[in-house]
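Participant: Have a look at this one before I ask anything.
The values are calculated or read from the model by the stated rules, or taken from the named source; none is laboratory data. All values derive from a computational prediction rather than experimental measurement. Cβ coordinates were reconstructed from backbone atoms using ideal geometry, including for glycine residues, and neighbour counts include every protein chain displayed.
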Amino acid sequence: MSEEQFQTPDATETVVSEKEFLNPMTIGDLTGQSHLKDWVINYVGRHPSNQGSEDITVEKIVEVFSQEFPEFLLVVAEENWVRGYQQALVDVDVGEEIANRESPNV
């Protein structure tokens, strides 16, 4: 892993490359396990933007869907954002509860 560490006033932070940060499922080759998955892989494989490459990744599927079916990705992104926001609110509440238990005078 090609990590770099640097010191900030508050803590030591580690910087990782984009490849190390990404979910391995987004960059790994896919194989079909259902009719729909086979169809999507074949469609993306034949798409003009994928000419010259036999490797089909989730990243490439997202690129093709963003061109061909942006409404689908928009709904997925919105749902993901809402769930993330809800989780952040829960995390804040839990953090406040822990802080109040540890130092009730603050």
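Participant: Among the residues of the range 89-106, which ones are small (Gly, Ala, Ser) and loosely packed, with under 10 Cβ neighbours inside 10 Å? Talk me through it step by step, then tell me what you get.
Facilitator: Step one: filter the range 89-106 for residues small (Gly, Ala, Ser), giving 95, 99, 103.
Within the range 89-106, just 103 meets the criteria.
Participant: Kindly indicate the residue of the range 34-57 that is among the acidic types (Asp, Glu) and farther than 18 Å from residue 69 by Cα and also modelled with the highest pLDDT among those meeting that condition.
Facilitator: 55
Participant: Please specify each residue of the range 76-87 satisfying the condition of being exposed (fewer than 11 other Cβ atoms within 10 Å of the Cβ) and either at pLDDT 95 or above or not small (Gly, Ala, Ser) (or both). Break it down into steps so the answer makes sense when it comes.
Facilitator: Kept after step one, since they are exposed (fewer than 11 other Cβ atoms within 10 Å of the Cβ), are these residues of the range 76-87: 78-87.
Once the filter is applied, which keeps residues that are exposed (fewer than 11 other Cβ atoms within 10 Å of the Cβ) and either at pLDDT 95 or above or not small (Gly, Ala, Ser) (or both), the range 76-87 yields 78, 79, 80, 81, 82, 83, 85, 86, 87.
Participant: Considering (1) modelled with pLDDT of 90 or more; (2) within 25 Å of residue 17 (Cα to Cα), say which one residue 27 fails and leave the rest.
Facilitator: Against the list (1) modelled with pLDDT of 90 or more; (2) within 25 Å of residue 17 (Cα to Cα), residue 27 comes up short only on (1).
Participant: Something else: Quick one: what pairs do we get from the range 79-101, first residue on the phi < 0 side of the Ramachandran plot and among the hydrophobic types (A, V, I, L, M, F, W, C), second surrounded by fewer than 10 Cβ atoms within 10 Å (Cβ to Cβ) and modelled with pLDDT under 95, C-beta under 8 Å, 6+ apart or different chains?
Facilitator: 99/106
Participant: Out of the range 53-75, which residues are among the β-branched types (Val, Ile, Thr), surrounded by 11 or more Cβ atoms within 10 Å (Cβ to Cβ) and assigned to a helix (DSSP H, G or I)?
Facilitator: Hits for the range 53-75 are 58, 61, 62, 64.
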